[in-house]
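Scroll down for the structure; my scribbles are underneath it.
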Amino acid sequence: MDTKFDMTIAENYHSRAQIARVLTENWVAKNMFCPRCGNFQIKQFSNNKPVADFYCPKCKNQFELKSKAGSFAHKINDGAYDTMILRITSNQNPDFFLMNYSRTENCVKDLTMVPKHFFVPEIIEKRKPLSENSRRVGWVGCNIIIDKIPEQGRIKIISEGIFQDKNEVLNDVKKGELLIEKNISSRSWLMDILNIVNSINNEYFALDELYLYEDFLADKHPDNHNILPKIRQQLQVLRDKGFIEFLGRGKYRKL
């Protein structure tokens, strides 16, 4: 694979946004393998599909591409808020490719995959409605808050212009599939506890450290009145899925 864009396909375009779209989409269609099944190529949908941009002809998984010159910082602009929430809660959302590219070098700098089962409503930020002066007055968009996605759900494919080993990418995706939760409430709890565990700097940690987040979790899950037992339950889920090891007496180790 080559990180360079094919600049010849954008010769008839003048808008910077159109040029960026054509270059990035063409690059994915020509260079990207399917990180789900390993198929050597994914294909672009022929029409503007409302849900996704690409699909794998082998496993049929779908992907949406978000690209930006430079860094995404900590959030990504997306489409309509209500549509995004509906897609997440009904498990109809695609996997995401997040691409950072260089306009001066005309190449891909970073490419990250976010599997769809890492999406929960809490990572979707509701934007203000468009003003009365806008063509789509009242329309409400959304942002995806990258920082709220657990690190296990941000799988590097290209990092600083260097391709990661394909087998390592496939293994990371496969391991992430152990965290699939169809029920949106269960998924939200699992992502919250995983993020808390990830935030602990040490390899070893104690149950009491997670208990410190009781008020934070109670605010996020007001319908649950048994926060501490829920924390223990989610730690058991992470243990059973092979992400942490229980050492006894309220002690754990990250794997």
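The values are calculated or read from the model by the stated rules, or taken from the named source; none is laboratory data. Everything numeric in this text was worked out from a predicted model, so none of it was measured. Neighbour counts are summed over all protein chains in view; Cβ atoms, including those assigned to glycine, are modelled from backbone coordinates with ideal geometry.
Please enumerate the residues belonging to the stretch 107-155 that are in a helix (DSSP H, G or I) and either at pLDDT below 95 or under 13 Å from MET191 (Cβ atoms) (or both).
LYS116, HIS117, PHE118, PRO121, GLU122, ILE123, ASP147, LYS148, GLU151, GLN152, GLY153
Taking the condition outside the structural domain of LEU194 (by TED's automatic domain parsing), assigned to a loop (DSSP other than H, G, I, E, B) and crowded, with 16+ Cβ neighbours inside 10 Å, does ASN93 pass?
When the stated conditions are applied, ASN93 passes them.
Please find, among ASN26, ASN47, ASN31, ASN61, the residue that is farther than 23 Å from ASN106 by Cα and either modelled with pLDDT of 95 or more or outside the structural domain of VAL108 (by TED's automatic domain parsing) (or both).
After applying the criteria, what remains is ASN61.
Filter the stretch 1-58 down to the residues that are out of contact with any helix residue (DSSP H, G or I) (no Cβ under 6 Å at 6 or more places or on another chain) and hydroxyl-bearing (Ser, Thr, Tyr), then identify the one that is surrounded by the fewest Cβ atoms within 10 Å (Cβ to Cβ).
It comes out as SER46.
Take residues that are crowded, with 18+ Cβ neighbours inside 10 Å and either in the same structural domain as ILE149 (by TED's automatic domain parsing) or charged (D, E, K, R) (or both) and tell me which of the helices (runs of 4 or more DSSP H) falling wholly in the stretch 167-232 contain 1 or more.
184-199
Just checking, how many residues over the stretch 187-241 are without any contact (Cβ under 8 Å) to a residue 12 or more places away in the chain and of a type in the set (Phe, Trp, Tyr)?
Total meeting the criteria: 1.
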